[in-house]
Amino acid sequence: MEEPTLVIIKPDGLQKSLTGNVLTRLSETRLVLIGAKIKAVPRALAEEHYIHMKDKPFFEEIVKYLMGDYHTKRVMAIVYYGEDAIKKIRKICGATNPEEAEPGTIRGSFGRITTKGVYENVIHASGNTGDAEREIKLWFEPEEIVFDQLYPTKQTTVSHKKKIWA
Ligand code: ADP
């Protein structure tokens, strides 16, 4: 099935200049890039992204990790599209725990476990179709995606101040 998936190169990946390595590995899938940006992550976005983990004892730590409190305050968010995109990308990422991830995977190559016990595993990738939809809608506006009607959209009128180049 052709499907989209969300990838986030987490702050440790940017801090360690791993974006090139990660993108090279991901490009082996031949999936199509339909969105990409560098983004600062406010607390509300990090908490919403990890909402399914909110009862875990390490929730606050992974929120801080995604916000960049321990590295640089930015991530790279990417949307790939294509046949079995979710499975193909997760395979290259490797297991959640970097010590259990195969050595050739992104997490196996570049991840680590901190002394506080957080898995600093360099990359996030959507786990299933439902998560991909929720996460893509959380991280991207429709006009940031170069793909016709990835999900249904509607028109709305907004009137607010906007920053433009001076
Ligand atoms: P994945 O990112 O592989 O989909 P989860 O959604 O289960 O995994 O976890 C979200 C993130 O929380 C992981 O990528 C990792 O950074 C961190 N994490 C998950 N499980 C643990 C754990 N047991 N101890 C420490 N950190 C964890």
Q: Determine if segment 135-144 includes at least one residue that is within 16 Å of the ligand (Cβ to nearest atom) and either over 22 Å from residue 51 (Cα atoms) or surrounded by fewer than 20 Cβ atoms within 10 Å (Cβ to Cβ) (or both).
A: yes
Q: Quick one: which residue in 38, 51 is within 16 Å of the ligand (Cβ to nearest atom) and either at pLDDT 95 or above or over 15 Å from residue 8 (Cβ atoms) (or both)?
A: 51
Q) For segment 67-88, does any single residue satisfy the condition of being more than 11 Å from the ligand (Cβ to nearest atom), part of a strand (DSSP E or B), modelled with pLDDT of 95 or more and more than 21 Å from residue 3 (Cβ to Cβ)? A) yes
Q. So which residues in segment 87-120 are surrounded by 21 or more Cβ atoms within 10 Å (Cβ to Cβ) and either in contact with a strand residue (DSSP E or B) (Cβ under 8 Å, 6 or more places away or on another chain) or acidic (Asp, Glu) (or both), if there are any at all?
A. 89, 93, 106, 107, 111, 119, 120
Q: Among the residues of segment 1-38, count how many are out of contact with any Asp or Glu (no Cβ under 6 Å at 6 or more places or on another chain) and assigned to a strand (DSSP E or B).
A: 12
Q | Sole exception among (1) within 10 Å of the ligand (Cβ to nearest atom); (2) under 28 Å from residue 2 (Cα atoms) for residue 59, by number | A | (2)
Q) Within the set of pairs 6+ apart or on separate chains, which have a first residue in segment 47-59 that is in contact (Cβ under 8 Å) with a residue 60 or more places away in the chain, a second that is part of a helix (DSSP H, G or I) and surrounded by 14 or more Cβ atoms within 10 Å (Cβ to Cβ), and C-beta atoms under 8 Å apart? A) 49/66; 49/135; 49/139
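The values are calculated or read from the model by the stated rules, or taken from the named source; none is laboratory data. Owing to the predicted nature of the structure, the values given are computational and were not obtained by experimental measurement. So basically every Cβ, Gly included, is an ideal-geometry build from the backbone, and we count neighbours across all protein chains shown.
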